[in-house]
Amino acid sequence: MADLRFFKKVGPFTLEQLADLAECHLAQGSNPKQIVEDVAGLEEATEKDITWAFIPSVRDSLMKSKAAACITSEKFIKYVPQGMAVLISEDPHRSYGLVAQAFYPNKILAEISSKAYIDETAQIGTGCRVEPGAFIGAHVKLGRECYIQANAVIQEGVEMGDRCIVGSNATVSHCLAGHNVYIYPGAQIGQDGFGFAMSLKGPIKVPQLGRVIIGNDVEIGANTTVDRGAMGDTVIGDGTRIDNLVQIAHNVKLGKCCVVVSQTGIAGSCEFGDFVVTAGQSGFAGHLKIGTGAKIGAQSGVMKNIEPGQIVAGSPAVPHADWMRMNVLLQKFVKNSKVKKES
């Protein structure tokens with residue numbers, strides 16, 4: 001259960017209210033006027049809480065749970081204890097997220113600290129919060145209800161829409177961002193790309209003259225770096241989620257609703273379609289095209305274009321089925337080699 005020292009809870013809600021906002025419908029016999037006061041895990045939940053279950057590994061916990069209500073799917077109803085109300089969802093994980101948001105909304109207290117530096121030419125929307133030590137440069141434009149945390153830096157000319165968050169010690173420069181963008185603590189947005197001209201006289205710096213364009217409803221994780229374009233822009237599409245410790249180089253273009261997991265490195269000028277998923281520690285050579293819906297396995301080394309919908313793994317990355325067969329054959333080879341050596 002959430003520690004109320006760190007989280008602010010609202011409610012209670014009726015099951016009818018929760019079902020409506022969470023895209024669920026109540027199972028027969030559930031009381032729409034029943035009150036619930038909080039969300040909790042299956043094992044911690046009490047008769048005042050709502051919980052959730054949507055994977056086989058939690059069936060036993062569900063059957064023993066003391067929760068007042070459960071968000072689940074049609075196929076899990078048979079495991080719900082007698083007397084527990086049921087909210088049926090086609091996507092229980094999503095529905096739980098919506099319910100948790102209702103109990104723990106991300107509200108900020110509007111306040112501009114006198115210990116923040118805000119240039120006189122900056123435009124700050126109504127309802128914003130700017131914490132001590134923050135720096136907001138010349139001609140910056142922030143929308144309504146933005147939250148700029150302690151020691152964040154927003155450099156000259158940056159524009160961000162409504163309800164954006166810039167975490168502590170993050171820096172944003174050369175950037176135009178949409179609404180509902182969350183840049184986590186320590187992230188660095190819009191810094192120089194890794195641009196050098198190499199010669200026998202040694203490397204010289206090539207000015208990076210592009211920007212970072214961030215769509216709506218984007219999250220960029222802690223200590224992630226997104227470099228600005230060299231010529232042209234680095235683009236992060238609407239709905240994309242970028243994990244902690246990710247490197248996105250100059251002129252990379254990510255489509256809508258991509259998921260980039262921690263320690264992924266994407267070299268310059270790669271272009272991703274929509275709904276691409278990259279697992280942890282995957283790496284991409286420069287100037288590649290990754291098709292819509294492609295999935296990249298953990299620690300994959302991608303060295304050529306990936307077709308839409310393709311699933312790849314390994315280094316160098318190959319189709320996932322081929323990678324599995326290669327591993328089976330390798331294990332057989334190692335086993336046979338041991339047998340021959342022992343004989």
*Cα-projected label distance for Arg325 with Thr126, points at 7 Å along beta-carbon direction, nm*: 6.4
*How high is the relative contact order of the range 119-223, given as a whole-number percent (alpha carbon pairs under 8 Å, six or more residues apart)?*
20
_Reported label for calculated Cα extents along the principal axes in Å given (1) 80, 78, 34; (2) 172, 72, 34; (3) 66, 44, 37_ = (1)
*Which entries of Lys33/Lys66; Lys9/Lys48; Lys9/Lys115; Lys256/Lys295; Lys141/Lys205; Lys201/Lys304 show an alpha-carbon separation above 24 angstrom in the structure shown?*
Lys9/Lys115; Lys141/Lys205; Lys201/Lys304
*Relative contact order (percent, whole number), the range 64-124, Cα cutoff 8 Å, 6+ residue spacing*: 26
_Euclidean distance of C-alpha centroids, the range 1-27 and the range 67-115, integer Å_ = 5
_Using amide H atoms built in the peptide plane, which far-off residues or other-chain residues are under 5 Å from Cys258 H to H?_
Thr240, Arg241, Phe275, Val276
*asked:* If N is the number of residues in the range 105-205, what value comes out of its Cα radius of gyration divided by 2.2 N^0.38 Å?
replied: 1.22
_Cβ crowding within 10 Å averaged over residues, with 25-37, 80-92 ranked highest first_ = 80-92, 25-37
_Per residue value of the accessible surface for the chain (all protein chains in place, 1.4 Å probe), Å²_ = 54
_Mean Cβ count within 10 Å, highest first, over the residues of peptides 196-205, 209-218_ = 209-218, 196-205
*Antiparallel DSSP bridges in the chain: what percent, to the nearest 5?*
10
*Mind putting a number on the dipole of the range 1-131 about its Cα centre? Charges go on the C-beta only, +1 for Lys and Arg and -1 for Asp and Glu, and I need it in Debye to the nearest 20.*
300
_Taking 4 °C and 1.567 mPa s as the conditions, I'd like the Stokes-Einstein D for the range 134-282 in µm²/s, using the Kirkwood hydrodynamic radius from alpha carbon pairs._
86
*To the nearest 500 deg cm²/dmol, what mean residue ellipticity at 222 nm is calculated for the chain from DSSP H runs of n ≥ 4 alone, each contributing -39,500 (n - 2.57), summed and divided by the residues?*
-4500 deg cm²/dmol
*Taking θ as phi - 60°, what are the ³J(HN,Hα) couplings along the range 87-95 by the Karplus curve (6.51, -1.76, 1.60), each to the nearest whole Hz, with x for Gly and Pro?*
9, 8, 9, 6, 9, x, 5, 4, 5
*How large is ³J(HN,Hα) for each residue in the range 305-315, as worked out from phi by the Karplus curve 6.51 cos²θ - 1.76 cosθ + 1.60 (θ = phi - 60°), to whole Hz, x for Gly and Pro?*
4, 10, 6, x, x, 6, 10, 10, 7, x, 9
*Roughly what % of DSSP beta bridges within the range 222-343 run antiparallel, to the nearest 5?*
10
*Quick one: what are the phi-derived ³J(HN,Hα) couplings along the range 135-143, Karplus 6.51/-1.76/1.60 with θ = phi - 60°, whole Hz, x for glycine and proline?*
10, 10, x, 5, 6, 5, 10, 10, x
*Dimensionless Rg ratio for the range 1-64, taking C-alpha atoms and the 2.2 N^0.38 Å reference*: 1.20
*Only Cα pairs under 8 Å and at least 6 apart count here; give the relative contact order of the chain as a rounded whole percent.*
7
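The values are calculated or read from the model by the stated rules, or taken from the named source; none is laboratory data. Since this is a predicted model, take the numbers as computed values, not measurements. All Cβ positions, even for glycine, are placed from backbone atoms using ideal geometry, and neighbour counts span all protein chains on display. Side chains are part of the model used for accessible areas, which takes the heavy atoms of the whole protein and leaves out ligands, DNA and RNA. Shrake-Rupley method; radii C 1.70, N 1.55, O 1.52, S 1.80 Å.
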